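Colleague: Quick one: the structure is below, questions incoming.
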Amino acid sequence: MYIGVDLGTSAVKLLLMDGDGTIIKTVSKEYPIFFPQDGWSEQNPSDWLKQSIAGIREISEGYTDKIEGIGVGGQMHGLVCLDENDNVIRPAILWNDGRTEKEVDYLNNTIGKDKLSKYTGNIAFAGFTAPKILWMKANEPENFSKIKKIMLPKDYIVYMFTGISASEYSDAAGMLLLDTEHKCWSKEMIDICGIKEEMLPKLHESYDVVGEVKSSIMSDLGLTGTVKVVAGAGDNAAAAIGTGACGAGKCNLSLGTSGTIFITSDKFAVDDNNSLHSFCHADGGFHLMGCMLSAASCNKWWMDDIIRDTDYAAEQKKMDKIGTNNVYFLPYLMGERSPYNNPRLKAGFMGIRMDTTREDMSLAVLEGVAFGLRDSLEVARSLGIEVTESTICGGGAKSPLWRKIIANVMNLNIMTVENDEGPALGGAILAAVGCGRYKDVIEAKKNIIRYKETITPDAELTARYEERYQNFHEIVKTIIPLY
């Protein structure tokens, strides 16, 4: 049996899977997040470890001698620093922390986006790890001087379980320290950040076994025998494995708090403006990813805070203007990452008239998120990448109406999976591959992933949405100079 771990921002979610891919049970353990200053976001790695241990102990009860491997997926970009005694120097700075505006400006405009793209395949974003290192160097020099090891959140769990400092390419690509195309640490970025390569973990493919759980931790976990630990994956790559988006030419859409479009490739590619992230994939290849900062959170904001109605399904049943709505919603409640990289963009409604109804505006919110995801898909298409179908996951994907809108806005067949466990399932699959149950990720996918439903675009509705998307795009281009 195999355990998949999803080290999220609010909780660690764990999944127990047998060798045939059957999910035996799941467990979730929450931990706090701290906001010590406006725009800051931090967590204590000790909380991750404590709850991961508690979760594995609970989920393995009754199977303590049958666990063969563990795979950890988790939140990306976070900065975890250890001193010479392996003590955490300061709370981890998370992916959604916004303190690095000065450092991002320095990297993109002083060092230069062209150089960053040449070194790493990407440009600087506030969430990435390298700007956080520069912030720590400038603002906490005493702490910076103590650094002996730098790692990502999930890699801290792997280190504490195995005693081996290891990472893998999918998560490391989001640090702005990895030469993504050549899968090695960028010496130029290491120099820019003022660190040493020996501070960084050894790099692996996601399914590589990096070590075994230490005997001292085995007793805490309540496990017996030998348990292997694979390198794991960043959360989006792990979710893609968990939905079967592996091998070239596949796509996965995630409708969570944020929204992502994840497009797989066997070749490294970068768009002209670095509008999409060019990262490595957990299947051994590469992927392009567009990330919009507000997706399902747009609908939550509209329903919970504005119209104050938490019956989402009932609200959606009233929407009868699919494809003919006159109202547009710009989904930039927290600015935007892909494809605009503009934290100052604002949300808004356009096209409101005297006869506009509440249902029109509710529908516009769902459509606006779909249009925002389409923006990133168009960047991928500009590179000659053909996408005809996509899996979909996340809380927003539970809405049949939203899935229908996305299928027609993006002109894609949209498939749902039987087990929407995302990163935790991906982690378990990687563990099964690493332990030799399957020869590779593709074989594991064929044996484990099952699809439940496929939504096919309707030609007439797709044509209507094509016109509306072009209008949406013109509106966005018009308002960008205001911000």
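Colleague: Would you confirm whether any residue within segment 137-146 is touching a Phe, Trp or Tyr at 6+ places or on another chain (Cβ under 7 Å), surrounded by fewer than 21 Cβ atoms within 10 Å (Cβ to Cβ) and part of a helix (DSSP H, G or I)?
Modeller: yes
Colleague: So in segment 259-274, with the set limited to residues that are aliphatic (A, V, I, L, M) and within 11 Å of N122 (Cα to Cα), which one is surrounded by the fewest Cβ atoms within 10 Å (Cβ to Cβ)? If you could, list the steps in order and put the result at the bottom.
Modeller: We begin by selecting, within segment 259-274, every residue aliphatic (A, V, I, L, M); these are 261, 263, 269-270.
Adding the requirement that they be within 11 Å of N122 (Cα to Cα) leaves 269-270.
On the way: A269: 17, V270: 20.
Ranking the candidates gives A269 first.
Colleague: Within segment 40-90, can you find the residues that are surrounded by fewer than 15 Cβ atoms within 10 Å (Cβ to Cβ) and either assigned by TED's automatic domain parsing to the domain that holds A282 or in contact with a helix residue (DSSP H, G or I) (Cβ under 7 Å, 6 or more places away or on another chain) (or both)?
Modeller: Listed by number, the list is empty, since nothing qualifies.
Colleague: Next up: Yes or no: T454 modelled with pLDDT of 95 or more, of a type in the set (S, T, Y) and part of a strand (DSSP E or B)? Step through it out loud before you land on a result.
Modeller: Numbers: modelled with pLDDT of 95 or more: yes; of a type in the set (S, T, Y): yes; part of a strand (DSSP E or B): yes.
Answer is yes for this residue.
Colleague: For a quick check of your reading of the model, give me the residue pairs whose first member lies in segment 260-273 and is not assigned by TED's automatic domain parsing to the domain that holds P331, whose second is crowded, with 23+ Cβ neighbours inside 10 Å, with beta-carbon atoms closer than 8 Å and at least 6 apart or on different chains.
Modeller: none
Colleague: Has segment 161-180 got any residue that is in contact (Cβ under 8 Å) with a residue 24 or more places away in the chain, of a type outside the set (V, I, T), more than 29 Å from L276 (Cβ to Cβ) and surrounded by fewer than 21 Cβ atoms within 10 Å (Cβ to Cβ)? Lay out the reasoning, then the answer.
Modeller: We begin by selecting, within segment 161-180, every residue in contact (Cβ under 8 Å) with a residue 24 or more places away in the chain; these are 161-180.
Of the ones still in play, those that are also of a type outside the set (V, I, T) are 161, 163, 165-179.
From the residues that got through so far, the ones that are more than 29 Å from L276 (Cβ to Cβ) too are 161, 163, 165.
From the residues that got through so far, the ones that are surrounded by fewer than 21 Cβ atoms within 10 Å (Cβ to Cβ) too are 163.
Among the residues of segment 161-180, at least one is in contact (Cβ under 8 Å) with a residue 24 or more places away in the chain, of a type outside the set (V, I, T), more than 29 Å from L276 (Cβ to Cβ) and surrounded by fewer than 21 Cβ atoms within 10 Å (Cβ to Cβ), which makes the answer yes.
Colleague: Now a separate question. Residues being surrounded by 17 or more Cβ atoms within 10 Å (Cβ to Cβ) and over 30 Å from T100 (Cα atoms): count how many of those fall in segment 319-349.
Modeller: Summing the residues that are surrounded by 17 or more Cβ atoms within 10 Å (Cβ to Cβ) and over 30 Å from T100 (Cα atoms) in segment 319-349 gives 6.
Colleague: Let me ask another. Considering only residues that are out of contact with any Phe, Trp or Tyr (no Cβ under 7 Å at 6 or more places or on another chain), in contact (Cβ under 8 Å) with a residue 24 or more places away in the chain and of a type outside the set (V, I, T), which ones fall in segment 385-398? Lay out the reasoning, then the answer.
Modeller: We begin by selecting, within segment 385-398, every residue out of contact with any Phe, Trp or Tyr (no Cβ under 7 Å at 6 or more places or on another chain); these are 385-395, 397-398.
If we keep only those that are in contact (Cβ under 8 Å) with a residue 24 or more places away in the chain as well, we get 385-395, 397.
E386, E389, S390, C393, G394, G395, A397, listed by residue number.
Colleague: Given the condition more than 23 Å from the chain's Cα centre (by Cα) and touching a residue at least 12 places away in the same chain (Cβ under 8 Å), answer yes or no: does some residue in segment 2-17 qualify? Can you show your working first?
Modeller: To start, the set of residues in segment 2-17 that are more than 23 Å from the chain's Cα centre (by Cα) comprises none.
The answer is no; no qualifying residue exists.
Colleague: Can I ask one more? Scan segment 416-443 for residues that are in a helix (DSSP H, G or I) and without any contact (Cβ under 8 Å) to a residue 40 or more places away in the chain and jot them down.
Modeller: Here is the first cut: in segment 416-443, the residues in a helix (DSSP H, G or I) are 422-434, 441-443.
The answer is E443, and nothing else.
Colleague: Quickly run through segment 39-63 and pick out the residues that are under 23 Å from L152 (Cα atoms) and either in contact with a Ser or Thr (Cβ under 7 Å, 6 or more places away or on another chain) or aliphatic (A, V, I, L, M) (or both).
Modeller: L49, I53, A54, I56
Colleague: From D304, D320, grab the single residue that is modelled with pLDDT of 95 or more and either farther than 27 Å from A126 by Cβ or not hydrophobic (A, V, I, L, M, F, W, C) (or both). Even if it seems obvious, please write down each step before you answer.
Modeller: Working: D320 fails: modelled with pLDDT of 95 or more.
Result: D304 is the single residue among D304, D320 that is modelled with pLDDT of 95 or more and either farther than 27 Å from A126 by Cβ or not hydrophobic (A, V, I, L, M, F, W, C) (or both).
This table checks each residue for (1) of a type outside the set (G, A, S); (2) assigned to a loop (DSSP other than H, G, I, E, B).
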{"residue": "T64", "(1), (2)": "yes, yes"}
{"residue": "G73", "(1), (2)": "no, no"}
{"residue": "V80", "(1), (2)": "yes, no"}
{"residue": "D97", "(1), (2)": "yes, yes"}
{"residue": "K102", "(1), (2)": "yes, no"}
{"residue": "N109", "(1), (2)": "yes, no"}
{"residue": "G112", "(1), (2)": "no, no"}
{"residue": "Y119", "(1), (2)": "yes, no"}
{"residue": "N122", "(1), (2)": "yes, yes"}
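Colleague: Could you tell me which residue of segment 286-318 is nearest to the chain's Cα centre (by Cα), considering only residues that are assigned to a loop (DSSP other than H, G, I, E, B) and crowded, with 19+ Cβ neighbours inside 10 Å?
Modeller: Of all residues in segment 286-318, those assigned to a loop (DSSP other than H, G, I, E, B) come to 293-295, 307-311, 318.
Filter once more, keeping what is crowded, with 19+ Cβ neighbours inside 10 Å: 293-295.
Working: L293: 11, S294: 13, A295: 13 Å.
So, considering only residues that are assigned to a loop (DSSP other than H, G, I, E, B) and crowded, with 19+ Cβ neighbours inside 10 Å, the one nearest to the chain's Cα centre (by Cα) is L293.
Colleague: Whether any residue in segment 351-372 is in contact with a Gly (Cβ under 9 Å, 6 or more places away or on another chain), aliphatic (A, V, I, L, M) and within 23 Å of A124 (Cα to Cα) is what I want to check.
Modeller: No: zero hits.
The values are calculated or read from the model by the stated rules, or taken from the named source; none is laboratory data. Fair warning: this is a prediction, and the values are worked out from it, not measured in the lab. Virtual Cβ from ideal backbone geometry, glycine too; neighbours counted across all protein chains shown.
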